[in-house]
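Working notes, beginning with the structure itself.
The values are calculated or read from the model by the stated rules, or taken from the named source; none is laboratory data. Since this is a predicted model, take the numbers as computed values, not measurements. FYI the Cβ positions are ideal-geometry reconstructions off the backbone, even for glycines, and counts take in every protein chain you see. Surface accessibility is based on the protein's heavy atoms, side chains included, excluding ligands, DNA and RNA. Shrake-Rupley method; radii C 1.70, N 1.55, O 1.52, S 1.80 Å.
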Amino acid sequence: MEAAQVVNSNGNADGDYQYEIISWFDSVSKNAAMVQTETLGQILHLNYGVEYLKKWFGDMKIQDMDACALESLYASLVPLASHADFEPFIQRIADGDTAPILTQQTITTLSLSSGTTEGRQKLLPFTRHSSQTTLQIYRLAAAYRSRVYPIREGGRILEFIYSSKRLKTKGGLTAGTATTHYYASEEFNIKQEKTKSFTCSPQEVIFGGDYKQSTYCHLLLGLLFWDEVELIASTFAYSIVQAFASFEEQWEEICSDIKDGTLSSRITLPRMRKAVLDIISPNPCLASQIEAICRDSKASNWYGIVPRLWPNAKYVYSIMTGSMQPYLKKLRHYAVSLPLVSADYGSTEGWIGVNLDPCLPPEDVTFAVIPTFSYFEFIPLYKKKQDLTSSTVGYIEDEPVPLSQVKLGQEYELVLTTFTGLYRYRLGDVVEVAGFHNGTPKLNFIFRRELILTVNIDKNTENDLQLAVERGSEVLSKYGGELVDFTSHAEVMHQPGHYMIYWEIKGEVEEKVLGECCGIMDASFVDHGYVVSRRTNSIGPLELCIVETGTFNKVLDYFIGNGAALGQFKTPRCTNNHILLRILNLCTIKRFHSTAYN
């Protein structure tokens with residue numbers, strides 16, 4: 001049997017390349033401990049003499065040190081650090097300081113995190129290494145996917161990808177999201193040119209700057225190339241769900257454009273209009289086929305619309321873990337039997353692991369750490385027993401261990417040392433070692449460690465909130481309702497403080513059902529501090545706020561207006577942002593208070 005023809009991050013490369021890159025990963029993963037020691041040595045030798053490292057190493061001549069001795073010395077001298085520790089150094093770089101502060105490499109670009117996890121955007125160094133590792137992980141993941149889902153050479157990808165605004169810092173550096181930098185990089189063009197597999201949309205659509213216009217054009221062009229589309233992809237699952245929610249409203253207009261070879265007046269950006277009009281031409285037959293599918297699908301609430309419109313698509317590909325899990329239900333509604341394949345594990349700080357088992361459902365996926373990308377350490381975490389005094393999530397921390405010493409089933413917080421100038425950087429992600437690929441661990445992402453809901457002694461994470469919302473929304477579904485999106489807020493201005501959870505829902509649901517959902521969520525928070533506080537009324541009843549249709553689009557618009565990109569957007573699951581809360585409260589149309597502890 002011939003080797004499958006594979007292409008790119010989202011498709012095929014030739015059989016020889018597939019074998020080559022998988023063999024490379026097998027080699028580095030078998031020797032992961034040695035590779036990690038060498039990787040740390042490379043990072044430290046590359047950045048020897050930078051200001052940050054001189055703080056800890058002084059004038060030590062590390063170039064002549066044995067790699068293992070250097071690894072031990074590094075862990076003993078350089079402290080664990082958070083983003084706050086690096087912020088003053090990064091700000092100096094942004095302001096134009098060209099001295100070797102964090103890295104010997106010239107930094108001309110800074111990445112902006114989405115700002116939706118911690119409430120504000122973070123600046124992080126971005127170098128050529130960042131783009132190179134992105135290309136490498138895309139190719140490696142594609143090789144493994146092609147074993148399960150072979151893609152035709154020359155096929156197209158319907159990618160819902162978006163750039164964000166790129167700004168200039170005080171020192172003249174370009175700042176934007178990491179995805180924006182990648183789409184503008186040589187590596188993105190290399191990926192497409194070498195693999196002969198192209199996204200449906202030209203650069204003018206990706207870099208249009210208006211996500212609503214870009215989404216319309218992505219859908220239009222994806223339908224024009226309907227028989228060539230081999231898969232549907234985006235950075236995050238949210239973007240795909242958002243795109244098809246738009247399609248439900250715009251399909252007739254899109255069909256009209258396909259029929260007449262025109263472009264809707266909603267597309268006002270000149271470069272985008274020209275680029276799309278250069279591609280399209282009248283196709284009344286195709287428009288009629290799409291119209292018939294859409295009219296039929298509308299009657300069934302758009303169930304299975306994706307494989308009906310793109311019958312040659314093999315799978316849907318996106319990040320579907322963590323905060324993206326709430327969108328899986330809607331994504332499965334659109335995709336039906338079309339497999340959902342979870343993309344790889346990374347952050348703005350750097351890539352971490354690759355999905356080697358694309359046939360697994362997103363809920364079960366693990367990520368094999370790539371030992372050449374960064375130097376990884378793992379802080380062992382042990383859950384405390386009913387400790388009501390600590391202000392952090394209830395974990396006891398042990399000393400960090402290297403990748404080679406992690407244990408199956410143990411939970412850890414990830415620590416990165418990167419080629420881009422981050423040293424022993426606490427990522428804040430809690431992971432569990434779910435297995436091993438040769439000598440490298442396979443990680444199950446658990447949650448972000450930040451404490452997001454707390455009034456006094458209660459400690460609830462994003463994962464706790466997500467479980468509570470899932471249980472409450474199960475009742476909603478039984479009565480014909482659908483949860484569109486949600487967020488939360490710990491209200492402490494009035495005593496006793498209490499949790500507020502904001503839901504946008506679709507469908508008509510009786511108020512008594514919503515009241516039941518509210519009580520179920522309240523009872524689903526099992527943190528001991530929360531339960532005790534609710535019983536003693538030192539935390540008040542949970543409040544469920546139903547917001548009007550379109551509220552979370554307003555939330556999205558707020559973040560986009562402040563520099564986020566749709567492709568990198570994650571709805572904040574908890575917020576103290578006063579502007580966001582103002583939007584949510586102005587749009588609240590019904591309020592319910594839990595009776596779970598009455």
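Descriptive notes on the structure:
- Here r is the Cβ-Cβ distance between V492 and V513 and R0 is 22 Å; the resulting FRET efficiency, rounded to 0.05, is 0.15.
- Relative packing of 465-473, 340-348, which averages over residues the other C-beta atoms within 10 Å, highest first: 340-348, 465-473
- Applying 1/(1 + (r/R0)^6) with R0 = 51 Å to the Cβ-Cβ distance of Q410 and D296 gives a FRET efficiency near 0.50.
- Theoretical gain in end-to-end length, L586 to E474 [0.36 nm per residue, Cα-Cα removed]: 37.7 nm
- With protein chains left intact and a 1.4 Å probe, residues in the chain average 41 Å² of accessible area per residue.
- Full-extension gain in nm, A596 to R266, via 0.36 nm per residue minus C-alpha separation: 114.0 nm
- For the set K122/K212; K122/K298; K30/K329; K329/K459, the pairs lying more than 32 angstrom apart at their alpha carbons are K122/K298; K30/K329.
- Carbon + sulfur, % of accessible area of the chain - ligands and nucleic acids excluded, 1.4 Å: 51 percent
- Adding -39500 (n - 2.57) for every DSSP H run of four residues or longer, then dividing by how many residues the chain holds, sets the calculated 222 nm ellipticity at -12000 deg cm²/dmol.
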